[in-house]
Each structure stands twice: as structure tokens, then as C-alpha cells.
Amino acid sequence: MASGVLRAMPACKVVRVPLADGGEGTVDALVGARGGSVLRVASHDPLGRQITSQIGQLDAYTFIAEMASASGLPLLRVEERDPFRASTHGTGELIQAALDAGAREIILGVGGSATVDGGAGALQALGAQLLDAAGNDVMPGNTGLASLDRIDLSGLDPRLGAVKLRVASDVRNPLIGPEGAAAVFGPQKGARPADIPILESNLERFATVVSRDLGIDLAFRSGAGAAGGLTGGLLAIGAHTEPGIDLVLEATRFDQALVGTDLVLTGEGRIDGQTARGKVISGVLGRASRHGVPVVALAGSVRGDELGMLYKAGLAAAFSIGDGPMGYSKAFARAVPLIRRAAEAVIRVWLASPSKAR
């Protein structure tokens with residue numbers, strides 16, 4: 001975008017602010033904005049295979065992690081997606097790595113998950129015991145929740161009590177029900193229609209045991225269904241949830257960047273019905289509108305019938321970067337030149353308006 005702007009207006013001062021909403025790219029965005037560092041850590045993928053993930057260190061005591069790097073869909077081939085087996089254990093290992101590095105504050109982005117285990121795996125990785133009636137550890141994944149009898153937090157890492165754990169999410173879905181983790185997000189993680197009631201039943205059991213043993217009602221709590229219920233599991237051990245985009249905007253000091261700015265360019269892969277519900281564009285609009293700065297959004301595709309809410313929120317315009325019919329693979333391959341060209345076109349139109357040009 002910046003290079004496209006400078007093609008049209010070489011003398012323009014361009015401020016680049018990398019953003020994300022808690023999903024993939026959140027670590028890179030915050031580390032890039034804050035001048036932090038990336039640490040490589042050992043973890044396990046959703047199916048229990050040893051991998052190397054990463055966490056970001058923003059300052060001496062603040063760390064950022066994203067579950068997608070340990071428990072995310074991008075780690076699995078399509079044919080490997082299995083919501084019954086996939087575990088958040090690797091995400092717990094990321095939190096553990098941050099604790100080992102001296103964290104006092106941990107920001108966890110929870111977008112892009114491959115799991116529907118209620119965060120059971122993450123809790124186990126952090127020292128909690130999820131036991132069946134015989135006192136044995138339950139199996140990994142959603143399947144293990146079917147035999148869950150009790151939860152024992154006596155072995156939970158005591159350092160968690162002194163750490164602020166901030167979960168960055170753009171999802172408000174409850175743990176169970178028609179808008180819950182299994183019904184809404186199960187299919188993208190490999191669930192067939194017949195699987196949904198089973199996944200749901202196992203999450204219900206998890207919620208029942210958490211309510212009885214920990215005194216926390218997760219079943220219909222807003223946001224508890226994020227990341228297949230990982231957010232719910234972390235809420236049960238004292239985590240706090242925040243809109244992912246707001247957290248990132250704060251951490252990147254976006255409001256300061258808006259001072260003296262005449263125009264904001266932002267975007268995402270596809271502008272659709274989810275865009276106005278906590279995604280990057282909606283967060284940018286909220287901040288920019290308070291400063292009176294117009295916003296133009298670029299996207300791989302734009303659902304025109306979904307733009308009304310964004311226009312009401314102050315969006316000046318939205319454009320697809322495509323220059324003709326193309327499939328996903330071609331669009332991805334050409335993304336950089338397409339974005340550059342679209343950004344240049346926006347600035348040339350903007351400059352042609354005497355009332356807007358500077």
C-alpha cells in the first residue's frame with residue numbers, strides 16, 4: 001500500500017502501522033510496531049507432533065503469542081483436520097515458554113484455531129489435571145472431554161497467579177448452543193454435520209465440570225467459544241478477554257499515528273458480514289472517525305451487500321484489488337502488485353479532489 005501511495009504522491013509522508021486482530025500475524029505486527037524480538041520455542045501441533053513455534057517479546061516483561069503457531073489450522077493439511085483429536089496443548093506450551101522467560105503480562109491471540117477441546121489441552125500443559133472417573137488423564141482433544149469426571153488445579157503453574165493473561169479475540173460466541181464453538185466453527189475444522197452434536201455434547205460436559213469444580217459458568221458466557229473454547233478454558237484460570245483489534249491498536253499506538261494524518265488505507269482478505277464485527281477494518285474505522293480521518297479499505301474481494309454497516313460507521317469507500325476474473329491461487333500470487341496498483345489508484349482519485357488533496 002505504501003509503495004502504491006508513493007508512486008502517486010512521491011513527497012507524501014507515509015506512516016506504516018502493521019495490524020492484526022488476534023489471528024495469524026499478530027506476533028509479527030506487535031513485534032514490528034514495538035521493536036521487540038521473536039523467540040523460537042518448542043511445542044506440539046494440534047495432533048501432538050513436535051514442532052518449533054514462536055512467541056514475541058515486546059519488553060522485559062511483556063510477551064505476545066498466537067495460538068495459530070501451535071494449535072492452528074495452517075499446521076494441518078485439509079485431510080488432517082480432526083476436531084475430535086486436535087488439542088490446544090501446544091498453546092499451553094507457548095504460555096509456559098513466556099512464563100519461563102519471565103513474563104508478567106502475556107497477550108495471546110486466538111484466531112485460526114484447529115481445535116474444539118475447550119482449552120483442555122492448554123490447561124493440561126500448564127499443570128492442571130483433567131481426570132476421568134478412574135483418576136486417569138483424559139485423552140487429548142474434544143474426544144477426551146466425553147470421559148471428563150473432574151478438574152484439579154492444584155498442580156497449575158503458580159506463576160500464572162502473578163501474570164496478566166490477556167486473550168485477544170474478535171469472537172463473541174458462547175461455548176455451547178446454536179452459536180457455540182461446535183455449531184459455528186466446527187465445520188471449518190473438519191466437522192461433518194453428524195459430528196456437531198457429539199462435539200457439542202462433549203463441550204457441555206466440560207462446561208458442567210468446570211461449573212461444579214471451579215465455580216465458573218462458561219456455557220453461555222460471551223466469547224467463551226472463541227478458538228474452539230480455548231478462551232473459555234483460559235477464563236476458568238483467570239484470563240481476561242479483549243477485542244483483538246483494540247488490543248493491537250493500543251499496543252501499536254495507532255491513535256498517535258493518526259495525529260496529522262489526512263487519509264488511512266487499510267484492508268483484509270475479504271470484506272463481508274464479519275468485517276464490521278471486530279475485524280481490523282472496523283477497529284481502524286472506530287479510531288479514525290474520532291480523529292476525523294477518512295478511511296478507504298482494499299480487499300481481495302468485497303461483498304457489496306455487506307457494506308452498509310461499514311459505510312454507516314464512516315468508511316469512505318471499499319475496493320477489490322482484483323483486475324479481472326481469477327482464482328485464489330492466482331490472486332495470492334499477484335497480491336503484492338495488485339495491492340500496490342489499487343493503493344496508487346485510490347491516491348490519484350483522492351488527489352483529483354481539490355477539497356481532499358493536501
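The values are calculated or read from the model by the stated rules, or taken from the named source; none is laboratory data. What you see is a predicted model, and the numbers here were worked out from it, not measured in a lab. Methodologically, a virtual Cβ is constructed for each residue, glycine included, from the backbone with ideal geometry; neighbour enumeration extends over all protein chains shown. Only protein heavy atoms, including side chains, enter the accessible area calculation; ligands, DNA and RNA are left aside. Shrake-Rupley method; radii C 1.70, N 1.55, O 1.52, S 1.80 Å.
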- Task: Select, from Val209, Val293, the only residue that is touching a residue at least 24 places away in the same chain (Cβ under 8 Å), surrounded by fewer than 22 Cβ atoms within 10 Å (Cβ to Cβ) and in a loop (DSSP other than H, G, I, E, B).
- Result: Val293
- Message: Quick check on segment 152-190: of everything there that is within 16 Å of the chain's Cα centre (by Cα) and open to solvent by 70 Å² or more (accessible area, probe 1.4 Å), which residue is nearest to Tyr61 (Cα to Cα)?
- Response: Arg172
- Task: Kindly check whether there is at least one residue in segment 221-235 that is among the hydroxyl-bearing types (Ser, Thr, Tyr) and assigned to a helix (DSSP H, G or I).
- Result: yes
- Task: Being within 30 Å of Gly4 (Cα to Cα) and surrounded by fewer than 24 Cβ atoms within 10 Å (Cβ to Cβ) narrows it down to one of Leu214, Leu265, Leu247, so name that one.
- Result: Leu265
- Report the residue count in segment 79-91 for those that are part of a helix (DSSP H, G or I) and in contact (Cβ under 8 Å) with a residue 12 or more places away in the chain. 4
- Item | Tally of residues being at pLDDT 90 or above and within 24 Å of Leu247 (Cβ to Cβ) across segment 297-309 | 3
- Query: Out of Leu94, Leu47, Leu39, which single residue is open to solvent by 30 Å² or more (accessible area, probe 1.4 Å) and not in a loop (DSSP other than H, G, I, E, B)?
  - Reply: Leu39
- Top-ranked residue of segment 268-281 - restricted to ones that are open to solvent by less than 40 Å² (accessible area, probe 1.4 Å) and closer than 23 Å to Gly4 by Cα, ranked as nearest to the chain's Cα centre (by Cα): Val280
- Message: Suppose we filter Arg85, Arg172 for residues that are touching a Ser or Thr at 6+ places or on another chain (Cβ under 7 Å), of a type in the set (Lys, Arg) and at pLDDT below 95; which single one remains?
- Response: Arg172
